[in-house]
Amino acid sequence: MSVTGFQNIFKLPELKKRLLYTLALLFVYRIGVHVPTPGIDAVALESFFSQAKGTLLAMFDMFSGGALERLSVFALGIMPYISASIILQLLTVVVPTLERLSKEGEQGRKKITQYTRYGTVILSLIQGFGISIGLEKMVSPGGAPIVLMPGWSFRLLTIITLTSGTAFIMWLGEQITERGIGNGISLIIFAGIVARMPVAVGNSFRLLSTGEMNIFMLLILLIMMIIVVAFIIFMEQGQRRISVQYAKRIVGRKIYGGQNTHLPLKVNTSGVIPPIFASSIIMFPATLASFFEFPIMKAISEAMSPGSFVYELLFVAFIFFFCYFYTAVTYNPDDVAENLKKYGGYIPGIRPGKKTSEYINKVLTRITLGGACYISIVCVLPSVLISKFNVPFYFGGTALLIVIGVSIDTIAQIESHLITRNYEGFLKKGGRIKGRR
C-alpha cells in the first residue's frame, strides 16, 4: 500500500470534493439511524431484540445498520429500493414497453429510475403498515408492550415516518452515486454493516469474559474469517482471459493493429448484487410473516430464519438466479462480438460474428456457474458455522462479501481518478486493483 497514493488524493480538488461529499452524506445517514420513531418504548424494544439473536430480524437489522433495533426513522433501510429495482429489472425482460425504455439511452434510464422510486414508496408503505401492526402485538421478554399508545394514529405516523426515511436514504444513495465516489446504495449498506462491527466485537469479548464462549471457539472464528476474507479477495480478482488477435490494417503509410490482447471476463461478473437481491427477496415475505401470530405464519417465519435448511436452500437458489440474470442484463456477448468484428479483432480459431458471440456466451455461462458457487459457499457456509458457534451477532459471509466487494470497487474508482491524471495510485505498478467492468 503506497502512502504517496493516499497523499495524491488531496492533490486533486475534484476527487477530494467527491470523497468529502460521500463521507458527509454517510455521516448524515448514520445520524438518522439514531433518530427514533415516535410512540415506541425503547427499553422494551431493546429487550425484545436481545432475544432475536440469529433470527431473520437480526439479519435485517444488520442490513439496516442497527436502525431496526432502535426502530429509527431509517428502520426499513434501503431494502424497499432494492426490492423495487429487482421488480423493475425482471419486468424489463417481459414487458415490451420497459424493454424499449431500457434501450433508449439516458432518457430511458431516467424513466426507469423514476418508476423504481415510485415502487420504493409503494413497498415502503406496505412494509411500514406491516411493521406497525406487528409492533402493536410485540411485547418484551418481561411482558412490557413495545408500543405505548397503539391505534391508527400510531400506525399512520409509523407508516409516514418509515416511508419518508427510506425515501431520504434513496436520495442519499443517488446523490453519492452522482456526485461522490462509488455506488451510493452499496456504500450505505457497507456503512451499516461496518458500523455494527465494533458492537459485535464487544459482545464477543463480553461473552468471552463471562465464560459463555471459550477462547478456542473465538480463535476458530477469527481464523475462519481471515480465510474467508483472503478467499473473497482472490476470487473477486479472478478473471478468465480470452485471447484476441487484431488483424493488420494499412492506412496510407501506417500499419494499424496486428497485436495480441485479451478479453477479460470476471469470475464474479455480478459482484455483490446476487446476495443483496437474494436477501431482500427472502426478507420481505419472511419479515411480514413474523409479525402475525397464526400458526402457519409462525412456521414460515421459523423455516426462513438464517441457519435453517429452507432459508439456506432458498438463499442459494436466488443467488444462482441473480448471478445469471444480472450477468445477462449487464454483459451482452452480441455487442462484444460486433465490436471485435468492427475493429478487426477475432478470437483465434473462432469465426467473427455469431460464432464469436456464442463462444463468449458459452465461456461466460461456465464461469458464472463458478462465480455462483463461490458466492453461495461464502454466504452460506460461514453463516451456518457461526450459528452453530452461538455468536451474538449476524456477521456471516454475506456481510464480508459486501464489505470487501464494495471496498474493492470504491478503491478501484479512486485509483482510476488518480491514474487518469497521472498520479500514483494506492498500489504500486503491477498490483493495481481492477474494477468489475
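Assorted remarks:
- Residue in region 301-320 that is of a type in the set (D, E), over 24 Å from the mean Cα position of the chain (by Cα), modelled with pLDDT of 80 or more and part of a helix (DSSP H, G or I) present: no
- A single member of A24, A44 is at pLDDT 75 or above, in contact with a Pro (Cβ under 8 Å, 6 or more places away or on another chain), part of a helix (DSSP H, G or I) and not acidic (D, E), and it is A44.
- On inspection, G397 passes the criterion of being modelled with pLDDT under 85 and of a type outside the set (A, V, I, L, M, F, W, C).
- Taken together, the residues in region 125-147 that are in contact with a helix residue (DSSP H, G or I) (Cβ under 8 Å, 6 or more places away or on another chain) and assigned to a loop (DSSP other than H, G, I, E, B) amount to 6.
- Region 162-217, subset of a type in the set (D, E, K, R) and either surrounded by 13 or more Cβ atoms within 10 Å (Cβ to Cβ) or touching an Asp or Glu at 6+ places or on another chain (Cβ under 7 Å) (or both), residue farthest from A75 (Cα to Cα): R179
- Any chance L68 is surrounded by 15 or more Cβ atoms within 10 Å (Cβ to Cβ) and out of contact with any Asp or Glu (no Cβ under 6 Å at 6 or more places or on another chain): no
- Taking region 352-361 as the range and being modelled with pLDDT of 85 or more and within 16 Å of A247 (Cβ to Cβ) as the test, only T356 passes.
- Boolean, I126 is under 18 Å from S72 (Cα atoms), of a type in the set (A, V, I, L, M, F, W, C), buried (at least 18 other Cβ atoms within 10 Å of the Cβ) and under 24 Å from the mean Cα position of the chain (by Cα): no
- Test set (1) at pLDDT 80 or above; (2) under 24 Å from the mean Cα position of the chain (by Cα); (3) surrounded by 20 or more Cβ atoms within 10 Å (Cβ to Cβ) - T158 fails condition number: (2)
- Scanning region 136-154 for residues being in contact with a Phe, Trp or Tyr (Cβ under 8 Å, 6 or more places away or on another chain) and loosely packed, with under 11 Cβ neighbours inside 10 Å gives a total of 1.
- Some residue of region 237-250 being crowded, with 20+ Cβ neighbours inside 10 Å, modelled with pLDDT of 70 or more, small (G, A, S) and on the phi < 0 side of the Ramachandran plot: no
- Within region 148-196, the set of residues being assigned to a helix (DSSP H, G or I), over 19 Å from V28 (Cα atoms) and out of contact with any helix residue (DSSP H, G or I) (no Cβ under 7 Å at 6 or more places or on another chain) comprises W152, S153, L156, L157, I160.
The values are calculated or read from the model by the stated rules, or taken from the named source; none is laboratory data. Please read these numbers as outputs of a predicted model, since none were measured by experiment. Every residue, glycine among them, receives a Cβ derived from its backbone with ideal geometry; neighbour counts consider all protein chains shown.
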